[in-house]
1. Considering only residues that are touching a Ser or Thr at 6+ places or on another chain (Cβ under 9 Å) and in a helix (DSSP H, G or I), look in the range 1-31 and name the one that is surrounded by the fewest Cβ atoms within 10 Å (Cβ to Cβ).
2. Condition check: surrounded by 14 or more Cβ atoms within 10 Å (Cβ to Cβ), more than 17 Å from the chain's Cα centre (by Cα) and either away from the ligand (no atom under 14 Å from the Cβ) or not acidic (Asp, Glu) (or both). Does residue 83 satisfy that?
3. Sort out which residues of the range 47-71 are touching a helix residue (DSSP H, G or I) at 6+ places or on another chain (Cβ under 9 Å) and either surrounded by fewer than 14 Cβ atoms within 10 Å (Cβ to Cβ) or closer than 26 Å to residue 31 by Cβ (or both), and write them in order of number.
4. What are the residues in the range 61-79 that are over 23 Å from residue 159 (Cβ atoms) and either touching a Lys or Arg at 6+ places or on another chain (Cβ under 8 Å) or assigned to a helix (DSSP H, G or I) (or both), if any?
5. So which residues in the range 1-28 are hydrophobic (A, V, I, L, M, F, W, C), more than 16 Å from the ligand (Cβ to nearest atom) and under 16 Å from the mean Cα position of the chain (by Cα), if there are any at all?
6. What residue, among those in the range 126-177 that are under 24 Å from residue 64 (Cα atoms), acidic (Asp, Glu) and within 15 Å of the ligand (Cβ to nearest atom), is surrounded by the fewest Cβ atoms within 10 Å (Cβ to Cβ)?
7. Is there a residue being more than 16 Å from the ligand (Cβ to nearest atom), part of a helix (DSSP H, G or I) and of a type in the set (A, V, I, L, M, F, W, C) anywhere in the range 39-48?
8. Quick check: is even one residue across the range 80-93 of a type in the set (S, T, N, Q) and within 30 Å of residue 17 (Cβ to Cβ)?
Amino acid sequence: MQTSEAIRQRRSIKTFTEREVERDEIERMLEAAVLAPNHRMTQPWRFYVLGPEARSAYGRALGDRKARKMADADAAALVRDKIAHQHTDLPGMVVVAMVQDENPEIREEDYASVMMAVQNLSLQAAELGLGTHIKSGAVMEDPAARAAAGVRDGERIVAVVNVGEPADVPSPKDRASAETLTTWLP
Ligand SMILES: Cc1cc2nc3c(=O)[nH]c(=O)nc-3n(C[C@H](O)[C@H](O)[C@H](O)COP(=O)(O)O)c2cc1C
């Protein structure tokens, strides 16, 4: 697949088939990720590939957060269980973390690099016929979610990437053309 084709085909995939994602497919994606541009070659990315138990624990952490905002205890328990099961059932889930440098300038550059790594991962997945969905949110700082993913002290979770064979591929979102957002200077 041409890079341009992968870029155009990639979508955030919300539903996956039951086909398992093979370990070597995840490895291909991660090998693509670590080729991202990286100022000072700090290689700040860290990847945690979650199996079903870890996915369930991450889902419980997310479900707990949603349940805490609900008044009805029974409804809250249902939501918590549903979210945990949804995560257990995912074909693949990669938590992408970065090592936090103490220098803010380096931290910002490192964050940019890690997101470029996430894009490489997503495009490599597209070439393999797999879909990805980047998830974020305050849950990434939740101690229970961090523990579920096994991230180490000094690391920050920057993205959670669900991976699998797409069951449904959404239409492209409306986007402004590059032309309308570009200023050409003499
Ligand atoms: C940094 C980042 C965080 C995102 N977080 C979420 C999220 O928490 N939940 C979600 O449903 N989608 C999330 N997305 C996916 C975007 O919503 C999605 O990329 C956007 O709607 C465009 O759709 P497309 O990826 O199919 O082109 C995130 C994307 C990025 C780049």
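Readers should treat all values here as calculations from the given coordinates under stated rules, not as data from a laboratory. In this text the structure is predicted, and so the values were computed from the model without any measurement. Because the Cβ atoms are built from the backbone with ideal geometry, glycine has one as well, and the counts that use them run over all protein chains shown.
1. It comes out as 6.
2. Answer is no for this residue.
3. Selection gives 47, 48, 49, 50, 52, 53, 54, 55, 58, 68, 69.
4. Answer for the range 61-79, where residues must be over 23 Å from residue 159 (Cβ atoms) and either touching a Lys or Arg at 6+ places or on another chain (Cβ under 8 Å) or assigned to a helix (DSSP H, G or I) (or both): 67, 68, 73, 74, 75, 76, 77, 78, 79.
5. If the condition is that a residue be hydrophobic (A, V, I, L, M, F, W, C), more than 16 Å from the ligand (Cβ to nearest atom) and under 16 Å from the mean Cα position of the chain (by Cα), then 21, 26 are the ones that fit.
6. Taking the candidates together, the pick is 141.
7. Yes, because at least one residue in the range 39-48 is more than 16 Å from the ligand (Cβ to nearest atom), part of a helix (DSSP H, G or I) and of a type in the set (A, V, I, L, M, F, W, C).
8. Among the residues of the range 80-93, at least one is of a type in the set (S, T, N, Q) and within 30 Å of residue 17 (Cβ to Cβ), which makes the answer yes.
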